[in-house]
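A quick write-up on the structure given underneath.
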There are 2 protein chains.
Amino acid sequence: MGKQVTEMLKGTLEGIVLAILAGRAAYGYEITAWLRDKGFTDIAEGTVYALLVRVEQRGLVDVEKVPSEKGPPRKVYSLNTQGRDHLDEFWRTWSFLAERLEQLRTEGKQS
Amino acid sequence: MGKQVTEMLKGTLEGIVLAILAGRAAYGYEITAWLRDKGFTDIAEGTVYALLVRVEQRGLVDVEKVPSEKGPPRKVYSLNTQGRDHLDEFWRTWSFLAERLEQLRTEGKQS
DNA sequence: TACCAGTAGATAGTAACACTGAATAGTGGC
DNA sequence: GCCACTATTCAGTGTTACTATCTACTGGTA
């Protein structure tokens, strides 16, 4: 998908991951695989882990270490109350942006 | 609007400005004022100018210096063919992202 | 046994982008 | 002569995602 989506993901990827965690608890490897599956083909492995560390440090998620049948133990993340608030705020910001862009797009088609 | 929109604008602000220029030619001060008017209250002056320099260097816009009745001459930017292609690409990337986010949002509401 | 693929996470260094703050420069009004 | 408004430029900073690499555990296979 190239460089353009990379820049656009800055600020949105965090919201995407929090939205995933709002549905169910998940661990890094799982989230990365899910994103790949949804078409975010060029999200690097390390990116999600770094993001999870950030949101953990900011206290938006709770973490639980769960042993895996295959491979090292998983760090399972779940959204806490603060994270839920942050996600709400994210959706508000996203809506603001999406509305204005949609308006710009339709205006552009007219001219 | 705070820090969240700042990060989200990375990658999209360029598209927004190109979309504006697709409608009509404009200069930096004008674009900044327009954005402020549309609710992007915390976009700094310098930000738009820096962005315009970038897109000019990448050859997406044509520039014409126009004397102003009040103040120093304006640099009027207009979208060229390459810029139009880039804008199309931007809309494709944006759609990709917007679709997936919209899906995530509605899924989240179900659970 | 040795090696490799798959699973799972961590980390150091880099690039891109928007922000902050200040400087520069021109015009007109008080 | 100074201030407000218009208009652009630029140096320095912070955040974020990428690249590349390393660690570590399991199971299969040559």
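The values are calculated or read from the model by the stated rules, or taken from the named source; none is laboratory data. Just so you know, these numbers come straight off a predicted model, no measurement behind them. Don't worry about glycine lacking a Cβ; one is built from the backbone with ideal geometry, like all the others, and counts go over all protein chains shown. For the accessible areas, the whole protein counts, side chains as well, though only heavy atoms, and no ligand, DNA or RNA atoms are used. Shrake-Rupley method; radii C 1.70, N 1.55, O 1.52, S 1.80 Å.
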Check your understanding: Based on the Cα coordinates of the protein assembly as shown, what is the per residue volume of their convex hull in Å³?
Key -> 134
Review point. How crowded by other chains is A:98-106, given as the mean number of beta carbons from other chains within 10 Å of each beta carbon?
Key: 5
Check your understanding: Do the alpha carbons of any pairs in A:Lys10/A:Lys65; A:Lys3/A:Lys38; A:Lys3/B:Lys75 sit beyond 20 Å of each other, and which pairs?
Key -> A:Lys10/A:Lys65; A:Lys3/B:Lys75
**Study point:** Relative contact order (percent, whole number), chain A, Cα cutoff 8 Å, 6+ residue spacing
**Key:** 26
Check your understanding: In chain B, what residue has the beta-carbon at the shortest distance from the axis of the rotation relating B to A, and what is that distance in angstrom, rounded to the whole number?
Key -> B:Lys10, 2
Revision key, fill the gap. The extension gain from B:Lys70 to B:Lys10, computed as 0.36 nm times the residue separation minus the Cα-Cα distance, is 18.4 nm
Review point. Can you give the accessible area buried between chains B and A, summed over both chains, with a 1.4 Å probe, in Å² to the nearest 100?
Key: 3400
**Study point:** Copies compared at B:Trp34 - label distances in nm, ascending, label defined 7 Å from Cα in the Cβ direction
**Key:** 3.9
Revision key, fill the gap. With +1 at each Lys and Arg Cβ and -1 at each Asp and Glu Cβ, the charge dipole magnitude of the protein assembly as shown around its Cα centre, to the nearest 20 debye, comes out at 120
Check your understanding: Sorted from shortest, what are the nm distances separating the label point of B:Asn80 from equivalent points in the other copies, each placed 7 Å from Cα along Cα to C-beta?
Key -> 5.4
Exercise for review: Answer with one residue from A:Gly23, A:Leu87, A:Gln4: the one whose Cα lies farthest towards the positive end of the charge dipole of segment A:3-110, charges on Cβ with Lys, Arg +1 and Asp, Glu -1.
Suggested key: A:Gln4
